[in-house]
Amino acid sequence: MKRILVPMLAALFVAVSCNGQPKKETDNKGTTIHLTKEDFTKKVFDLETDSNELKYLGDKPAIIDFYADWCPPCKAIAPIMEELAAEYKDKIYVYKVNVDEESAISAAFNIQSIPTLMFIPLKGKPQVATGAMPKKEFVKIIESVLNVKPASDKQ
């Protein structure tokens with residue numbers, strides 16, 4: 001029994017440590033970052049505080065994509081989110097929150113429709129957009145609301 005249990009536990013540990021954890025901000029290599037409630041509370045907004053006004057905790061502007069795996073418009077913009085994460089690498093965070101798995105976060109922001117996208121500048125109030133949109137619309141919002149140009153721009 002021990003010969004079977006030890007390899008199974010080792011395989012489970014490797015699977016969880018490699019695939020089961022969301023990427024950390026410091027690992028932002030131009031990819032989207034999936035957040036749990038715990039990560040969200042530490043990196044984006046502290047949902048545990050009693051304050052009526054949330055303070056953004058990040059060090060760069062961010063986009064939060066509230067999505068579900070079964071949602072066709074969410075699936076349609078997923079590649080766009082990955083492209084934006086790569087193009088704005090080191091300038092913004094592109095977070096993803098699965099509303100089915102993280103219902104406390106979606107409830108805290110009264111997410112009624114998906115995809116819902118929250119654009120969080122370093123200064124000023126977050127802005128929200130709902131529904132799928134083309135990449136050029138995301139770029140306009142990133143440049144106007146987040147005040148960020150793509151990483152490839154030399155300025």
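Bear in mind that the values in this text are calculations on the coordinates, not laboratory data. Everything numeric in this text was worked out from a predicted model, so none of it was measured. With ideal geometry, Cβ positions are generated from the backbone for all residues, glycine too; neighbour counts draw on all protein chains shown.
Here are a few things to note about the model shown:
- Rounded to the nearest 20 debye, the dipole magnitude of region 29-144 is 460 debye, with +1 charges on Lys and Arg beta carbons, -1 on Asp and Glu beta carbons, and the Cα centre as origin.
- Proximal charge balance of SER113 [Cβ under 15 Å; K/R count +1, D/E count -1]: -2
- Stokes-Einstein translational diffusion, region 29-144 - Kirkwood Rh over all Cα pairs, 1.306 mPa s, 10 °C, in µm²/s: 112 µm²/s
- Long-range HN-HN contacts of LYS149 with modeled amide H, under 5 Å: none
- For HIS34, residues with placed amide H under 5 Å, excluding near neighbours: LYS23, LYS96
- Of the beta bridges in region 29-144, as assigned by DSSP with both residues counted there, near 55 percent are antiparallel.
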